[in-house]
Amino acid sequence: MKFRAKIVDGACLNHFTRISNMIAKLAKTCTLRISPDKLNFILCDKLANGGVSMWCELEQENFFNEFQMEGVSAENNEIYLELTSENLSRALKTAQNARALKIKLTNKHFPCLTVSVELLSMSSSSRIVTHDIPIKVIPRKLWKDLQEPVVPDPDVSIYLPVLKTMKSVVEKMKNISNHLVIEANLDGELNLKIETELVCVTTHFKDLGNPPLASESTHQDRNVEHMAEVHIDIRKLLQFLAGQQVNPTKALCNIVNNKMVHFDLLHEDVSLQYFIPALS
């Protein structure tokens with residue numbers, strides 16, 4: 001089992017650092033899946049236990065100048081590692097304006113992901129800063145629990161409003177309630193609602209648009225104004241919104257009525273799926 005990779009392009013390095021910061025905000029510990037052409041950051045709290053799930057995917061060739069890996073075997077050419085997200089994010093923070101970044105799977109009395117950052121000093125010579133991030137290698141028999149989540153057919157699929165706006169609304173709502181209802185229809189309308197014994201607050205977003213496939217094929221006989229809704233933990237939604245540092249190229253919200261909400265985001269060449277189950 002081997003893995004080594006190198007980034008020398010400054011824009012790719014900054015983008016990879018941003019992704020790592022986002023993951024650290026979304027998940028305390030995560031699984032890093034390494035395959036020959038992709039990297040995935042995975043969080044798989046079982047939806048049945050009320051936990052959120054995350055699947056973040058990037059094509060390695062869009063980031064790395066060098067990328068070599070050998071999985072556990074020829075037929076299972078993948079590596080699954082568990083790590084503390086904050087440790088990776090912290091290591092990459094030292095890589096701003098770096099000349100190069102190397103990531104390597106090592107064994108230093110315990111398995112590590114070793115991050116080496118080559119920094120330019122004032123005298124134009126370079127110095128290397130090394131971080132050894134402790135990891136756990138996940139055995140082959142547990143991989144089946146870490147596959148891409150199956151997305152059930154949504155009742156409504158809708159484009160999200162500007163995430164910063166949505167975040168500031170949800171932050172204010174969190175001061176009043178721990179629960180929130182997201183509802184949306186096929187007429188481009190999305191509402192965020194909280195209700196307590198004393199107060200009911202709703203924020204309306206209009207003309208957001210629905211992806212063409214969702215509104216044409218399966219829903220032809222449906223009333224487009226009919227709302228699909230899901231009742232969720234407001235803190236989980238806020239955690240997702242707080243993790244979004246850059247406004248994505250595409251941001252979709254898929255609602256499976258009273259079961260879950262699935263956010264599907266595209267940041268340039270990185271896709272992020274985030275699942276929040278309904279409160280029982």
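The values are calculated or read from the model by the stated rules, or taken from the named source; none is laboratory data. Please read these numbers as outputs of a predicted model, since none were measured by experiment. Ideal geometry is used to build each Cβ from the backbone, glycine not excepted, and the neighbour counts take in all protein chains shown. Heavy atoms of the whole protein, side chains included, go into the accessibility calculation; ligands, DNA and RNA do not. Shrake-Rupley method; radii C 1.70, N 1.55, O 1.52, S 1.80 Å.
Only Cα sites of the chain enter the Debye sum here, all with the same form factor; the resulting log10 I(q)/I(0) across q = 0.12 1/Å is -0.81, listed in q order.
If Lys and Arg each add +1 and Asp and Glu each add -1, what is the summed charge of the other residues whose beta carbon sits under 11 Å from the beta carbon of Glu57?
Neighbourhood net charge equals -2.
Counting only protein heavy atoms and a 1.4 Å probe, tell me what percentage of the chain's accessible area is made up of carbon and sulfur. Using a 1.4 Å probe with all protein chains present, the chain comes out at 48 percent carbon and sulfur. Rounded to the nearest 10 degrees, the angle from helix 163-174 to the longest Cα principal axis of the chain is 70 degrees.
With Cβ to Cβ distances under 14 Å as the rule, what net charge do the other residues near Val162 carry (K, R +1; D, E -1)? Walk me through the intermediate numbers first.
On the way: positive: Lys164, Lys167, Lys206, Lys250; negative: Asp207.
With Lys, Arg at +1 and Asp, Glu at -1, the net is +3.
With point charges of +1 on the Cβ of Lys and Arg and -1 on the Cβ of Asp and Glu, referenced to the Cα centre of the chain, which listed residue (Ile103, Gln244, Asn223) lies farthest in the positive direction of the dipole? My answer, from the dipole projection, is Ile103. When the Gaussian network model of the chain links Cα atoms closer than 10 Å, the mean-square fluctuations of Ser124, Ser177, Ser157 top out at Ser124.
Rounded to the nearest Hz, the phi-derived 3J(HN,Hα) couplings of region 250-259 under the Karplus curve 6.51 cos²θ - 1.76 cosθ + 1.60 (θ = phi - 60°) are 9, 9, 10, 10, 10, 10, 9, 3, 6, 10, where x marks glycine and proline. What net charge do the residues around Gln239 carry, taking every other residue with its C-beta under 13 Å from that of Gln239, with Lys and Arg at +1 and Asp and Glu at -1? Net of charged neighbours comes to +3.
Restricting to Cα pairs below 8 Å that are 6+ residues apart, what does the relative contact order work out to for the chain? Please round to a whole percent.
Numbers: 601 pairs, mean separation 53.5, N = 280.
Once normalised by length, the contact order is 19 percent.
Taking every lysine pair in region 102-212 that is 8 or more places apart or spans two chains, those with Cα atoms closer than 16 Å amount to 8. Determine the shape class of region 160-206: with a ≥ b ≥ c the square roots of the Cα gyration tensor eigenvalues, call it rounded for a/c under 1.5, and otherwise prolate if a/b is greater than b/c, oblate otherwise. Here region 160-206 falls in the oblate category. Kindly identify region 240-280 as rounded, prolate or oblate by the Cα gyration tensor criterion: order the square roots of the eigenvalues as a ≥ b ≥ c, call it rounded if a/c is under 1.5, otherwise compare a/b with b/c, prolate if a/b is larger, else oblate. Prolate shape, in that a/c is at least 1.5 and a/b is the bigger ratio. Note on the chain: with a GNM built from Cα contacts shorter than 10 Å, the maximum mean-square fluctuation among Met22, Met166, Met122 falls on Met122. For region 1-98, lysine pairs with C-alpha atoms less than 22 angstrom apart, excluding pairs fewer than eight positions apart on the same chain, total 9. Accessible surface for the chain, divided over its residues, is 51 Å² per residue with a 1.4 Å probe.
Please name whichever of Pro36, Gln68, Ser121 sits farthest to the positive end of the charge dipole of region 1-126, dipole taken about the Cα centre and charges placed at Cβ: Lys and Arg +1, Asp and Glu -1. About the Cα centre, the residue reaching furthest to the positive side is Ser121.
Helical content alone sets the calculated 222 nm signal of the chain at -5500 deg cm²/dmol, taking -39,500 (n - 2.57) per DSSP H segment of four or more residues and averaging over every residue.
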